[in-house]
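So the structure is just underneath, and the comments pick up after that.
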Amino acid sequence: MQNSLYVRHLETLLKRYCAAMSAFKLDAIVVASGQSSYYFEDDNTHPYKAFAAAQQWLPFTLPEGCYIVIKRDKPELIWPAQQDFWHMDKPIPEGEWQSHWHIAPALNDDWLKSLPENVALIGPDHLCSLRHNSTLLDWLNYDRAVKTDYEIACMTEATDIAVRGHLAAQAAFLSGASEFEVHLAYLKASAQDAINTPYPNIVGINEHAAVLHYEQKTHHRPFRPLTLLVDAGAQYNGYASDITRTTTILQDEFSELVDDMDSLQQAIAAQAVAGMPFVALHDQSLIGVAELLKKHDICSLSIEEQLAKHVPHHFYPHGLGHLLGLQVHDAGGRQGNHQGHIIDPPADHPFLRLTRHLNENMVVTIEPGLYFIPMLLEKLKAEQPQHGCNLTKLERLLPYGGIRIEDNIVVGVEGVRNLTREAFAKYA
């Protein structure tokens with residue numbers, strides 16, 4: 001990756017932090033990467049991940065115990081230099097990035113003495129009298145929703161890694177593999193350990209595809225494999241990709257539904273341009289799902305009747321997508337301004353994670369779904385006796401579980417860049 005991208009990224013971050021320091025009348029901001037935490041009553045640690053606002057500053061995976069000090073010139077990296085014979089030392093990564101930093105290896109907390117009087121801390125650590133300033137973090141998170149070219153390049157790499165995993169997962173499924181074997185194929189092809197993926201891989205075969213966050217991964221091979229749903233990503237320099245694909249064995253009525261959902265997903269993604277209210281995009285996806293239910297003889301009601309009776313909501317209960325970045329569900333998705341005003345999702349869409357208007361260079365997921373979830377179908381029948389659904393067809397479709405197709409999109413002014421489709425095309 002070109003060093004110039006990282007340099008411009010640093011310049012953008014410094015401008016944002018200097019604006020925050022002016023607004024909060026600060027001389028410096030300290031960002032803590034965080035420390036390892038422990039399982040309750042145990043000496044084993046949870047998997048460690050650096051605080052996102054700290055990771056954003058460095059072009060490598062940030063270890064625990066680091067602090068970043070931002071004033072109004074070069075940022076300073078406080079690097080943990082304590083000796084520890086239990087673990088590997090943490091050498092400071094080499095590279096061109098070092099010329100843009102003051103780097104201070106620290107054996108203790110003496111570096112705190114050099115901080116100016118008016119300083120704020122963000123992050124999970126406490127430093128002397130300093131505690132995490134959530135109001136300051138809100139201010140910074142609002143800007144973090146818009147990505148720099150460096151961040152988009154990192155997510156492009158993360159997408160490429162994940163697509164290699166998805167292709168291997170599909171091949172494993174088509175050869176008869178179990179959920180667990182599909183999961184292992186994904187990890188091997190993407191060169192990741194399970195602990196390094198940005199979220200636990202979802203690998204659901206048949207009816208398990210109807211469990212939105214299914215994570216069990218059975219070891220037995222299915223007697224009659226029909227459907228595979230894989231929701232899995234990768235990380236690059238701390239930035240995540242988040243991709244879902246649905247694969248079918250048979251060419252039948254369900255595979256036709258998958259093809260039409262793929263077309264709907266691409267049509268919605270193409271509308272994710274700057275200025276578009278994301279809530280409006282979600283509404284369009286609900287209309288699209290209603291049209292699929294009608295077209296495929298799953299529901300006989302008109303589109304208007306379906307929406308009035310919330311029929312599509314029972315087949316598509318989650319939001320269309322979310323911001324993507326250092327966190328899979330990246331910060332600031334419901335934030336309306338720097339001050340942290342929250343734009344609540346509509347009552348009809350309580351799980352929608354992104355309620356802002358889209359801005360250029362936001363990176364978002366577009367992931368409509370259509371599932372046959374027994375609990376929700378029973379609820380629909382109980383609450384809407386005139387639901388218009390073809391119960392005979394629903395019984396046939398229940399064993400397939402459901403469909404989700406998810407791409408990672410860079411928002412543009414006149415169009416979008418689909419990172420996921422680009423990567424799949426590269427390996428076609």
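The values are calculated or read from the model by the stated rules, or taken from the named source; none is laboratory data. Note that the structure is a prediction, hence the values are computed from the model and not measured. With ideal geometry, Cβ positions are generated from the backbone for all residues, glycine too; neighbour counts draw on all protein chains shown. Ligands, DNA and RNA are stripped out before the accessible areas are found, and what is left, the full protein with its side chains, is counted by its heavy atoms. Shrake-Rupley method; radii C 1.70, N 1.55, O 1.52, S 1.80 Å.
Among the residues here, Ile92 qualifies as assigned to a loop (DSSP other than H, G, I, E, B), among the β-branched types (Val, Ile, Thr), in contact with a strand residue (DSSP E or B) (Cβ under 8 Å, 6 or more places away or on another chain) and open to solvent by less than 80 Å² (accessible area, probe 1.4 Å).
One line per residue, one yes/no per condition, for (1) out of contact with any Pro (no Cβ under 9 Å at 6 or more places or on another chain); (2) over 28 Å from Val363 (Cβ atoms); (3) without any contact (Cβ under 8 Å) to a residue 24 or more places away in the chain; (4) among the hydrophobic types (A, V, I, L, M, F, W, C):
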site	(1), (2), (3), (4)
Pro124	yes, no, no, no
Val146	yes, no, no, yes
Ala153	yes, no, no, yes
Ala158	no, no, no, yes
Ile161	yes, no, no, yes
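Contact map, region 283-299: residues that are more than 14 Å from Pro317 (Cα to Cα) paired with residues that are among the acidic types (Asp, Glu), Cβ distance under 6 Å, separation 6+ or inter-chain. Pairs shown: Leu292/Asp260.
Can you pull out every residue in region 353-383 that is more than 27 Å from Lys147 (Cβ to Cβ) and either modelled with pLDDT under 95 or among the charged types (D, E, K, R) (or both)? Of everything in region 353-383, those that are more than 27 Å from Lys147 (Cβ to Cβ) and either modelled with pLDDT under 95 or among the charged types (D, E, K, R) (or both) turn out to be Glu378, Lys379, Lys381, Glu383. Residue-level analysis places Ile202 outside the set of residues that are out of contact with any Gly (no Cβ under 9 Å at 6 or more places or on another chain), among the β-branched types (Val, Ile, Thr) and modelled with pLDDT under 95. Only one of the numbered conditions (1) out of contact with any Asp or Glu (no Cβ under 9 Å at 6 or more places or on another chain); (2) touching a residue at least 40 places away in the same chain (Cβ under 8 Å); (3) more than 17 Å from Leu293 (Cβ to Cβ) is violated by Asn408, and that is (1).
Can you tell me which residue among Gly332, Gly319, Gly340, Gly336 is within 29 Å of Thr247 (Cβ to Cβ) and within 22 Å of the chain's Cα centre (by Cα)? Step through it out loud before you land on a result.
Working: Gly332 fails: within 29 Å of Thr247 (Cβ to Cβ); Gly340 fails: within 29 Å of Thr247 (Cβ to Cβ); Gly336 fails: within 29 Å of Thr247 (Cβ to Cβ).
The unique qualifying residue is Gly319.
Look at His219 and say whether it is open to solvent by 50 Å² or more (accessible area, probe 1.4 Å), in contact with a helix residue (DSSP H, G or I) (Cβ under 6 Å, 6 or more places away or on another chain) and either within 23 Å of Leu397 (Cβ to Cβ) or in a loop (DSSP other than H, G, I, E, B) (or both). Spell out the reasoning first.
On the way: open to solvent by 50 Å² or more (accessible area, probe 1.4 Å): yes; in contact with a helix residue (DSSP H, G or I) (Cβ under 6 Å, 6 or more places away or on another chain): yes; either within 23 Å of Leu397 (Cβ to Cβ) or in a loop (DSSP other than H, G, I, E, B) (or both): yes.
Spelling it out, His219 is indeed open to solvent by 50 Å² or more (accessible area, probe 1.4 Å), in contact with a helix residue (DSSP H, G or I) (Cβ under 6 Å, 6 or more places away or on another chain) and either within 23 Å of Leu397 (Cβ to Cβ) or in a loop (DSSP other than H, G, I, E, B) (or both).
The one condition from (1) in contact with a strand residue (DSSP E or B) (Cβ under 7 Å, 6 or more places away or on another chain); (2) farther than 20 Å from His296 by Cα; (3) hydroxyl-bearing (Ser, Thr, Tyr) that Tyr427 does not meet is (1).
Pull up region 112-138, narrow it to residues that are outside any helix (DSSP H, G or I) and small (Gly, Ala, Ser), then point me to the one that is nearest to Ser37 (Cα to Cα).
Here the answer is Gly123.
On the stretch given as region 109-121, residues that are touching a residue at least 12 places away in the same chain (Cβ under 8 Å) and open to solvent by less than 90 Å² (accessible area, probe 1.4 Å) total 8.
Residue count for region 195-216, restricted to those that are out of contact with any Ser or Thr (no Cβ under 6 Å at 6 or more places or on another chain), assigned to a helix (DSSP H, G or I) and open to solvent by less than 20 Å² (accessible area, probe 1.4 Å): 1. For the residues Ala169, Ala185, Ala191, Ala177, the requirement of being touching a residue at least 12 places away in the same chain (Cβ under 8 Å) and surrounded by fewer than 19 Cβ atoms within 10 Å (Cβ to Cβ) singles out Ala191. If you go through region 36-63 and pick out every residue that is open to solvent by 50 Å² or more (accessible area, probe 1.4 Å), within 22 Å of Thr197 (Cβ to Cβ) and of a type outside the set (Phe, Trp, Tyr), you end up with 7.
Residues in region 8-58 that are within 21 Å of Gly332 (Cβ to Cβ) and either in contact with a His (Cβ under 8 Å, 6 or more places away or on another chain) or in a loop (DSSP other than H, G, I, E, B) (or both): Leu10, Ala23, Leu26, Ser33, Gly34, Lys49, Ala50, Phe51, Gln56, Trp57, Leu58. Restricting region 223-235 to residues that are open to solvent by 20 Å² or more (accessible area, probe 1.4 Å) and part of a loop (DSSP other than H, G, I, E, B), the residue that is nearest to Ile366 (Cα to Cα) is Pro225.
When you scan region 58-67, do you find a residue that is at positive phi and not hydrophobic (A, V, I, L, M, F, W, C), even just one? Yes, region 58-67 contains at least one residue that is at positive phi and not hydrophobic (A, V, I, L, M, F, W, C).
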